[in-house]
Amino acid sequence: MGPLQIVLGTLAVLLLVVSVVYATKAVRAMLRIFRTGQPDPTRSGPVGPRLKTLAVESLGHTRMLKWSAIGAAHWFVFVGFYGLFLTLVEAFGEVWNPAWHLPLIGEWSLWNLFADLIGTATILGILYLIVRRQLDHPRRKGRDSRFAGSNEGRGYFVEAVVLTIGICILLIRAIKVAADLTDAPAWSHPVSGLLANVVPASPDLLSVVAFVKIVVSLGWLITISRVLNMGVAWHRFSAFFNIYFKREDDGGQALGPLPAMTSGGKPIDFEDPGEDDVFGRGKIEDFTWKGMLDFTTCTECGRCQSQCPAWNTGKPLSPKMVIMDLRDHLYAKAPYLTGVTKASDEAPDFADFTTLEPSDEQVWASGYARIEGTNDAQAHRPLVGTLEEGGVIDPDVLWSCTNCGACVEQCPVDIEHVDHIMDMRRYQTLIESSFPSEAGVMMRNLENRGNPWGVGGNVREEWMKDLDFEVRQVEGAIDDDVEYLFWVGCAGAIDDRAKKVTKAVAELLHIAGVEFAVLGNGETCSGDPARRMGNEFLFQQLAQENVETLNAVFEERPAGRRKIVATCPHCFNSIGREYPQLGGDYDVVHHTQLLGQLVEEGRLTPVTPVDRKVTYHDPCFLGRHNKVYTPPREILDSVQGLSTQEMHRCKDRGFCCGAGGARMWMEEKIGKRINVERTEEALDLDPDVISTACPFCITMLSDAVTSKQQAGEAKDHVEVLDVSQILLRSMAPAGAPGTASGPGVGTEPDDPAGTGSAATEHS
C-alpha cells in the first residue's frame with residue numbers, strides 16, 4: 001500500500017459516506033411525498049402471485065422484450081448493474097490494495113467468467129442503446145421520434161455512467177491479468193485476458209481505475225439523490241416496486257375495466273357520498289401513492305408515445321409527457337405538500353411565471369414546462385388547464401385520449417396511463433363540468449333516452465322485423481332452454497351499419513341451432529360512453545339499472561349458465577369486467593368467440609368460397625383490453641377462398657380507429673383524423689375487404705373508406721365488414737352473388753351479408 005492507495009482509499013471512503021447520506025435523505029424525502037397521496041389498500045396482496053410477476057417481468061424482461069433487440073440489450077445492462085454490484089465492493093479494496101479480491105468468490109473461476117462476459121455484454125448493450133437513441137433522435141425524426149420531449153441530457157448522463165463503469169470493470173480485470181495479480185484460470189477471463197496484452201502491468205493504474213469506477217458510481221448516486229424526478233435513473237430501483245404493486249395481482253395489465261372511483265382508499269357511494277370524498281383527481285395530491293410511484297418510475301423511453309394514435313396523428317397528447325409533467329409537478333410542489341413551505345392564500349398571476357410562448361408546440365405537449373421549478377405558482381396551478389390558467393395538463397391533451405391502451409400495453413415498467421387520464425377526466429366532468437360541448441349532448445341522451453343517439457320508442461326491436469325467423473324476447477326470467485342472452489347494444493339496435501351485423505349474428509346463431517333471446521326494449525346503454533367520458537355517476541346509474549335487469553333475467557341460474565353474447569367490445573368489456581363492481585357477475589363472450597366455437601364444433605360450416613383479399617383491424621377493447629386476437633382470425637381462416645394479410649400495426653400493436661374513450665361522440669379538430677390514418681394503412685395492402693368486429697370501428701373505418709372513394713383514393717368495391725358478415729356470406733349457396741363484393745353490401749334491409757348487393761360483379 002503506497003501513498004497513492006492511501007489517498008485514493010481515503011477519498012473513496014469519504015465519498016461513500018457522503019453518497020449514503022444523500023441517498024438516505026432522498027429515499028426518505030420520496031417516501032414522505034408518497035405519503036401525501038391517497039391510500040390504495042388493493043395493492044398489497046396476494047404476495048405470491050405478485051412476487052411471481054415481479055420475477056417474470058424483471059428477470060425475464062418480458063415487457064422489455066416486446067422490442068426484441070432493445071430488450072435484449074437492456075437485459076444485459078440490467079444484469080450488469082445488479083449482477084456486477086460486487087465489482088464495486090471489490091473496487092473499494094482495490095484502491096487500497098491492487099491485489100485484493102472478494103473473499104470466497106474472488107478467485108472462483110465461474111464468478112470471474114460471469115464478470116468477464118457480463119461486463120463485456122454490458123458495454124455492448126449500452127453501446128447499442130446509445131446508437132439507437134441517436135438513430136431515433138428528434139434531430140433526425142422530429143415528432144416521430146419516441147424521444148421527442150424526453151430529457152436527452154439525463155439520458156446521456158446515465159448512458160455515459162453505464163459505459164464508463166463497464167469499461168472500468170474490464171480494465172481492472174485486464175490489469176490484474178497483466179500484472180499477474182490473479183490466480184483464476186485463463187479461460188475464466190477470455191475478454192480481459194485479451195485486453196491484458198495491450199494494457200500496462202501497473203498496480204497503481206489498477207487502483208486509479210478502481211477509484212474512477214467508485215467516483216462515477218457514487219457520483220451517479222449523489223446526482224440522482226439531488227434530482228428525485230430523474231426517472232431514467234430512479235427506475236433502476238422504483239421499477240421493482242411499481243411492478244410488484246401493479247393494479248392486477250395476477251400480472252395482467254391495467255387494461256379492460258376501469259377501477260371504481262375511490263376516495264381515501266374506499267369506493268365512493270354515489271347515493272350517499274361523504275362530505276370529504278375526492279371525486280377524481282383535481283390536484284396532484286389527489287392521486288394515490290401508487291400513482292406517484294408511477295410518475296417517479298417513468299424512464300422517458302417513449303414506447304407509449306410511439307404507439308399512441310393521438311400523438312401519431314398530430315395531436316398534443318403524449319402519454320409519456322403526461323406522466324413526466326405530473327411527475328415534475330409533483331416534485332416541484334413537494335415542499336408545499338410535505339409542509340416544508342407554505343403557499344400564499346391567493347393564487348398569483350400565472351402569466352408572471354409562464355416560460356413558454358403560446359405559439360410553442362410544447363404549450364400543449366408539455367404543460368409542466370409552462371411554469372418550471374418550485375414556486376408559489378406551482379402550488380396553486382390547476383392540474384388541468386389552459387396556458388393562461390397555468391394548467392399542468394392542457395385540456396386538449398386530456399380529451400385527445402381514445403383509451404386504446406397502447407401506452408399501457410407497451411410500458412416496460414407497468415405505468416397505468418389510462419387510469420390516470422380517466423381519473424383526471426372524472427374530476428373535470430363531475431366537479432368542473434368542463435368537457436367538450438358535443439359530448440354533453442351524448443350524456444344528456446343517455447340520461448333521457450338510455451342511448452347516445454337520443455332515439456326513443458321501440459327502436460331497439462326494429463332490427464328483428466326483416467328476419468325470416470322469430471327472435472325470442474325475455475320477459476321476466478329467461479326460459480330454461482335459452483342458452484345465451486344476446487346483448488344487442490345501442491349501436492347494434494340503432495346504427496344502420498351495426499344493425500346488419502346484429503342480423504348477421506342472429507342468422508348465424510339460428511343456423512347453428514343456438515337458442516338465444518334478447519331483451520329488446522328492456523336494454524339500456526351499458527354506460528361505457530359515460531364512464532369513458534369521466535361521468536362515473538351516470539355510468540353507475542345506467543350500469544345499476546342493467547345489473548338489476550340482468551339479475552332478474554338470470555335469477556334462477558347458477559354461475560356458468562348466466563351466458564351473454566355481445567357484438568360490441570365496449571359492452572363486452574363493461575358487462576363482463578366492470579359490472580362485477582356493482583354485483584353483476586355473468587359469463588360474457590364476444591360474438592367472434594362464440595361463432596369461432598360454433599365453427600370449430602362443426603355447427604357452422606363455411607361451404608362457399610369467398611374469393612377476396614381481407615385485412616383485419618383489431619378493435620382496441622376486444623384486442624388489447626381483453627386479449628381476444630385469435631377467434632376473429634380463426635373465423636376468417638375457416639372461410640375458403642379468403643386471403644388474409646395483416647397490417648403492420650396489428651394485434652397488441654394495433655392502431656385505434658379513433659372512437660374509443662367516448663371519442664365517438666366528440667369532434668376531432670386537431671391533427672389528422674385517426675380513422676383516416678388507420679384506413680390508409682389498410683388500403684396500402686390493396687384489400688377488397690377491411691374486416692373488424694366492433695360497431696364503432698365499422699363506423700369509423702367506413703366513413704374513412706367512403707371519403708377515400710369519393711376522392712378517388714380507394715377502389716369503389718372496397719368494403720368494411722364485420723367478421724360475422726363474411727362468415728354468413730360463406731354460408732350462402734354456392735354461386736350466390738353475395739360471395740362477390742361491393743360498396744352496396746347489405747343495402748337490402750334483410751340482407752346483412754350483402755348477397756343482394758348491386759355491386760357484386762367485382763372479380
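None of the figures in this text is laboratory data; all of them are computed from the coordinates on show. Given the structure is predicted, the values throughout are model-derived calculations rather than measurements. Cβ: placed from backbone, ideal geometry, glycine included. Neighbour counts: every protein chain shown.
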Amide hydrogen neighbours beyond the local backbone of residue 721, cut-off 5 Å, H modeled: 690, 691, 692
Counting sequence-distant residues (5 or more places) and residues on other chains, those with an amide H built under 5 Å from that of residue 623 are 628
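Sorted by mean Cβ packing within 10 Å, highest first, what order do the peptides 539-551, 633-645, 13-25 take?
Those peptides, ordered most packed to least, come out 539-551, 633-645, 13-25.
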With each pseudo-label sitting 7 Å past Cα toward Cβ, what's the residue 605-residue 137 distance in nm, one decimal? 6.4 nm
A chain fully extended from residue 97 to residue 21 at 0.36 nm per residue, minus the present Cα-Cα distance, gains in nm 24.8 nm
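Rounded to the nearest 500, what is the 222 nm mean residue ellipticity of the chain from helices alone, with -39500 (n - 2.57) per DSSP H run of 4+ residues and division by all residues?
The per-residue figure over the chain is -14500 deg cm²/dmol.
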Label of the coordinate-derived value, Rg and Dmax of the Cα atoms in Å, listed as (1) 31.6, 104; (2) 28.7, 86; (3) 30.0, 100: (3)
Nearest-0.05 FRET efficiency for residue 32 and residue 646, computed from C-beta distance (R0 45 Å): 0.35
Segment 519-573 and segment 649-708 have their Cα centres apart by a whole-number Å value of 26 Å
Shape call, segment 544-596: gyration tensor on alpha carbons, a/c limit 1.5: oblate
Report, in degrees rounded to the nearest 10, the 0 to 90 angle that the Cα long axis of helix 47-59 makes with the longest principal axis of the chain. 70 degrees
Report the FRET efficiency, 1/(1 + (r/R0)^6), for residue 68 and residue 283, where r is their Cβ-Cβ distance and R0 is 41 Å, rounded to 0.05. 0.50
So for each of 103-112, 270-279 I average, over its residues, the number of other beta carbons within 10 Å; can you give me the resulting order with the highest mean first? 103-112, 270-279
Estimated inter-spin distance, residue 468 and residue 14, nm [label 7 Å along Cα→Cβ]: 9.6 nm
How far apart, in nanometres, would the label points at residue 55 and residue 340 be if each is projected 7 angstrom from Cα along the Cα-to-Cβ direction? 3.9 nm
What residue among 33, 291, 687 has its Cα farthest toward the positive end of the dipole of the chain, where the charges are +1 on Lys, Arg and -1 on Asp, Glu, each on the Cβ? 33
Near the amide H of residue 384, under 5 Å away, which other amide H atoms are found, from residues 5 or more places off or on another chain, if H is placed in the peptide plane? 392, 393
Could you size up the charge dipole of the chain around its Cα centre, putting +1 on the beta carbon of Lys and Arg and -1 on that of Asp and Glu, and report it in debye to the nearest 20? 2840 debye
Determine the relative contact order of the chain: mean sequence separation of Cα pairs under 8 Å and six or more apart, normalised by residue count, in whole percent. 11 percent
Shape call for segment 453-597, from the Cα gyration tensor axes a ≥ b ≥ c (a/c under 1.5 means rounded, otherwise prolate when a/b beats b/c, else oblate), comes out oblate
Measure nothing but the geometry: give the 0 to 90° angle between the long axis through the Cα atoms of 496-511 and the longest principal axis through the Cα atoms of the chain, rounded to 10°. 80 degrees
Roughly speaking, what is the centre-to-centre gap between segment 419-488 and segment 614-640 when only Cα atoms are used, to the nearest Å? 24 Å
Just give me a number: lysine pairs in segment 553-686, eight or more positions apart or cross-chain, with C-alpha atoms less than 24 Å apart. 4
Full extension from residue 707 to residue 551: what is 0.36 nm times the residue separation minus their Cα-Cα distance, to one decimal in nm? 51.8 nm
From the Cα centre of segment 151-189 to that of segment 282-334, the distance in Å is 35 Å
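Figure the gain on full extension for residue 226 and residue 668 (residue separation times 0.36 nm, minus the Cα-Cα span) and round it to one decimal in nm. List each step's numbers first, then the result.
Values: separation 442, 0.36 × 442 = 159.12 nm, distance 4.22 nm.
Extra length from residue 226 to residue 668 when fully extended: 154.9 nm.
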Based on the Cβ-Cβ distance from residue 475 to residue 630, what FRET efficiency comes out when R0 is 30 Å, to the nearest 0.05? 0.25
Using alpha-carbon coordinates, inclination of helix 536-553 to the longest axis of the chain, degrees: 50 degrees
Ranked highest first by average number of other Cβ atoms within 10 Å, how do 318-324, 41-47 line up? 318-324, 41-47
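Using a ≥ b ≥ c from the Cα gyration tensor of segment 284-390 (square roots of the eigenvalues), is it rounded, prolate or oblate, where a/c under 1.5 gives rounded and otherwise the larger of a/b and b/c decides, a/b for prolate?
oblate
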